[in-house]
2 protein chains.
Amino acid sequence: MLDVVLLGTGGMMPLPGRWLTSCYMKYNGIGLLIDSGEGTQIAMKEAGLSTHDIDIICFTHYHADHISGLPGLLLSIGNADRTEPVKLIGPKGLERVVNSLRVVAPELPFDLEFCEIGGEVQHLSEQGYEIDAFRVHHKIVCYGYSVNIPRLGKFDAAKAKELGIPLKFWNKLQHGETMTDGESVYTPDMVMGAPRKGLKVTYCTDTRPVPVIAEMAEGADIFICEGMYGDSSRDDKAREYKHMTFTEAAGLAKEAGPAEMWLTHFSPALIRPQDFLKNATRIFPDTKIGKCGMSRVLKFSDEE
Amino acid sequence: MLDVVLLGTGGMMPLPGRWLTSCYMKYNGIGLLIDSGEGTQIAMKEAGLSTHDIDIICFTHYHADHISGLPGLLLSIGNADRTEPVKLIGPKGLERVVNSLRVVAPELPFDLEFCEIGGEVQHLSEQGYEIDAFRVHHKIVCYGYSVNIPRLGKFDAAKAKELGIPLKFWNKLQHGETMTDGESVYTPDMVMGAPRKGLKVTYCTDTRPVPVIAEMAEGADIFICEGMYGDSSRDDKAREYKHMTFTEAAGLAKEAGPAEMWLTHFSPALIRPQDFLKNATRIFPDTKIGKCGMSRVLKFSDEE
């Protein structure tokens, strides 16, 4: 199962009661954070999460509201006694930006590993997460992330017995390894059913509604999408500042067909986003207004 | 009158319900902020203050919990339509540290002016504030600040009449200017009484209890002082990390004799500082446990 917590819902600047937009996920003990603006570490604590459990941080882009909380967060991760490395993923320039911010956090008890992404779509396999970073359209280079947890097919014990595969190989075969025993070669496809439906969360903020977003969010369990402006009276602003209205986000969701869409990254001027929810639900009914700390436990379809 | 707001009371890391330690003052329309850790801009908004009204920012030192909120704060000041310059004051290295943090806030609609301080005590006259920066004893170079609002003597109108000083010169003389009228020279001391008691706030965090602190806080209206640890079981930690216990802070206050002391910069492990208040009040009775948003309006003794 995959835990998903939307830590904040603000765009541009943090406000009392509205943390900046970021998202934390945990799968199989591995924590993945997307973005860390000012206050994200406090939002994590409010949500009952430990900063220790951050293994991967993905950055959409390097505007302050998405990364300025990083130095404080790194220090807090250190103060939570983490010694294992933390993997940072983000557009080109990542190492330069992070090292510049680290002027106030030069010493950490763990290593940072950098992975700079480029191109239109880049696939990454990270500690059980299959991540697609996809380039969106903002004022500066910006990426969205589709986070996938694949689900292997079912192991067919009857077939393994029938084929006479020794018991000691079963576990490895289940984990995708090919085993040899003298002249016998056993491959996973001999005993594994077709891959089953996995889990998928697609996250994108700070962009105009470009087609790649709907492609990447196709069939997601949760599509977390920016809705900077509630109504179409802000269409001009959305175009100028390279953001989206609720209506535009809903258009993407309608095309992508996720189980649900969570709107987030609200403009500070958008005081009551729920007042504009209808602008999205009339196009994509399963839209929810994101709230700080809103969470979901996603389970595989055949998981208890 | 001088408005004083303690924006936060935390040390080391921000916590839910406890912003990092910083202090905002306003005198004669000029806003002065001391330190801006992660979340200070949110704390200002919670306290009903506008980020537009920040004319001066003093930094005690460059540990992240005292400055990492700066890039977001600067952007918010810009978003609040400020175009007038902001003066930054802090220990040597200020411009380097600030420019490094500004990797995520490169463009601002106002200028930054830098004033790097050095030596044991440095006096600064800034837009009505008379500021003494004094070197304290922390793990890195760190300063405390004594913020003074001087109060001129009373203007003696009867004497001005008696001396035959033309009415048109009175206002300038009251503001300290010498005026000449043909062969007549009028100096302020001819018509002004002795200087009256001004206002004074002394602020220091992140230090061992060194004598200069008590000297600088002498007779302050408010002495805002760190109390990282509540009880003396943490004496060793206080010495190791160059901080103070409540008892040590109270010892300084006893020597300085301020009207009151506000304790702040509590360790994250110090969950209920009020439980340890007695460790300070038995030495200095007028000690208060700082709270986020705690404020005071200080008036001159003869002010309505």
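Only the Cβ atoms of Lys and Arg (+1) and of Asp and Glu (-1) were treated as charged; on that basis the dipole of chain A about its Cα centre amounts to roughly 680 debye. Taken over region A:91-149, the convex hull of the Cα atoms encloses 97 Å³ per residue. With neighbours defined as other Cβ atoms within 10 Å of a residue's Cβ, the residues B:D235, B:D53 order from fewest to most as B:D235, B:D53.
Its residues counted as N, region B:1-124 yields a C-alpha radius of gyration over 2.2 N^0.38 Å of 0.98. Taking Lys and Arg as +1 and Asp and Glu as -1, the other residues whose beta-carbon sits under 13 Å from that of A:T178 total -2.
Across region A:10-117, C-alpha contacts under 8 Å between residues 6 or more apart give a mean separation that, scaled by the residue count, equals a relative contact order of 23 percent. Using the average count of surrounding beta-carbon atoms within 10 Å as a protection proxy, the listed peptides B:131-138, B:248-255, A:56-63 rank, highest first, as A:56-63, B:248-255, B:131-138. The antiparallel fraction among DSSP beta bridges confined to region B:45-178 stands at about 55%. Label points for A:P211 are taken 7 Å from Cα along Cα→Cβ. From this copy to the others they lie 7.8 nm apart, shortest first. By its C-alpha gyration tensor, with a ≥ b ≥ c as the square roots of the eigenvalues, how is region B:158-254 shaped: rounded for a/c under 1.5, else prolate for a/b larger than b/c, else oblate? Prolate shape, in that a/c is at least 1.5 and a/b is the bigger ratio.
When A:S267, B:S22 are sorted by how many other C-beta atoms sit within 10 angstrom of their C-beta, beginning with the fewest, the order is A:S267, B:S22.
Can you tell me, using C-alpha contacts under 8 Å and at least 6 residues apart, the relative contact order of chain A as a whole percent? The value is 18 percent.
Scanning residues 5 or more positions from B:L88 or on other chains, those with amide H under 5 Å from its amide H are B:I57, B:E113, B:F114, B:C115, with H placed 1.01 Å from N in the peptide plane.
Region A:248-266 and region A:57-88 have Cα centres lying 27 Å from one another. Applying the Kirkwood pairwise sum to the alpha-carbon positions of the protein assembly as shown produces a hydrodynamic radius of 27.1 angstrom.
Partners of A:K168 within straight-line reach, counting lysines whose Cα lies under 28 Å from its Cα and excluding those fewer than 8 residues away in the same chain: A:K154, A:K159, A:K197. Cross-link pairs exceeding 26 Å in C-alpha to C-alpha distance, out of B:K278/B:K299; A:K92/A:K242; A:K200/A:K291; A:K87/A:K237; B:K242/B:K288; A:K254/A:K299, comprise B:K278/B:K299; A:K87/A:K237. Shielding of peptide B:96-102 by partners, expressed as the average count of other chain Cβ atoms within 10 Å per residue Cβ, is 3. For chain B, the direction-averaged projected area of the alpha-carbon convex hull comes to 17.8 nm².
Taken residue by residue and averaged, Cβ atoms of other chains lying within 10 Å of the Cβ of B:10-19 number 4. Antiparallel beta bridges, as assigned by DSSP with both residues in chain B, represent about 60 percent of the total such bridges. Position A:A157: other-copy label points at 10.2 nm, ordered by increasing distance, label point 7 Å along Cα→C-beta.
Work out the P(r) tail for region B:229-304: percent of alpha carbon pairs separated by more than 19 Å, whole number. Across region B:229-304, Cα pairs with separations above 19 Å total 39 percent. In terms of surrounding Cβ atoms within a 10 Å radius of their Cβ, A:E46, A:E226 rank from fewest to most as A:E46, A:E226.
Placing a label point 7 Å from the Cα of A:K278 along the Cα-to-Cβ direction, the distances to the matching points in the other copies come to 6.1 nm, shortest first. A dipole drawn for region B:90-144 from +1 and -1 charges on Cβ atoms has a positive end, and of B:C142, B:Y129, B:C115 the residue lying farthest that way is B:C142. Taking every residue in A:68-78 and counting other chain Cβ atoms within 10 Å of its Cβ, the average works out to 5. With contacts taken as Cα pairs under 8 Å and at least 6 residues apart, region B:88-135 reaches a relative contact order of 38 percent.
Each value in this text was obtained by applying a stated rule to the coordinates, not by laboratory testing. Quick caveat: nothing in here was measured; it's all calculated off a predicted structure. Ideal geometry is used to build each Cβ from the backbone, glycine not excepted, and the neighbour counts take in all protein chains shown.
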